[in-house]
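Worksheet: one structure, shown below.
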Amino acid sequence: MTGDELLDALIDTLEQLAAILPGDKVVWDAEPTIRLAVERLWITAGNVAEAYRKDVLDADPGVEPWSELVAYRNKLAHALPGDLSTDRIYVDSRADPVRLLARIRDERP
């Protein structure tokens with residue numbers, strides 16, 4: 001994928017995440033399929049961010065926002081059942097996509 005395609009994929013993934021996330025915590029708690037879909041979208045976002053960092057930027061692994069996305073991806077992808085707080089994932093998912101989208105859109109030439 002080209003750099004533009006990777007950025008487009010990352011933006012699309014974060015937009016999907018924001019769109020699927022319920023605004024009501026009660027709905028979040030009652031819908032395990034939505035919780036799993038949100039986790040999967042975070043994992044995808046981290047995978048794409050890492051590919052962009054390595055293949056396009058050739059940047060150090062600690063460069064933000066790429067390292068933040070990869071770290072969150074790693075946490076979600078490697079957690080054992082019961083290791084994750086669904087409350088924390090909900091809070092992160094309410095705040096982070098909008099902030100990250102703004103930073104990633106700034107990457108556009």
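The values are calculated or read from the model by the stated rules, or taken from the named source; none is laboratory data. Please read these numbers as outputs of a predicted model, since none were measured by experiment. FYI the Cβ positions are ideal-geometry reconstructions off the backbone, even for glycines, and counts take in every protein chain you see.
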Practice prompt. Return yes when ARG103 is in a helix (DSSP H, G or I), in contact (Cβ under 8 Å) with a residue 12 or more places away in the chain and out of contact with any Leu (no Cβ under 8 Å at 6 or more places or on another chain) and no when it is not.
Written response: yes
Fill in: Out of ALA95, ALA49, ALA37, sole residue that is of a type outside the set (Ser, Thr, Tyr), out of contact with any Pro (no Cβ under 7 Å at 6 or more places or on another chain) and in contact (Cβ under 8 Å) with a residue 24 or more places away in the chain
ALA49
Worksheet item: Any idea which residue in segment 26-60 is farthest from ARG103 (Cα to Cα), counting only those that are under 15 Å from the mean Cα position of the chain (by Cα) and small (Gly, Ala, Ser)?
Response: ALA37
Worksheet item: Quick check, is PRO97 assigned to a loop (DSSP other than H, G, I, E, B), at pLDDT below 90 and not aromatic (Phe, Trp, Tyr)?
Response: no
Discussion item. So the check is Cβ under 8 Å with 6+ separation or different chains; which pairs have a first residue in segment 1-28 that's in contact (Cβ under 8 Å) with a residue 24 or more places away in the chain and closer than 11 Å to ALA51 by Cα and a second one that's of a type outside the set (A, V, I, L, M) and part of a loop (DSSP other than H, G, I, E, B)?
Written reply: LEU7/GLU107; LEU7/ARG108
Worksheet item: Quick check: is even one residue across segment 91-100 of a type in the set (Val, Ile, Thr), surrounded by 14 or more Cβ atoms within 10 Å (Cβ to Cβ) and within 17 Å of the chain's Cα centre (by Cα)?
Response: no
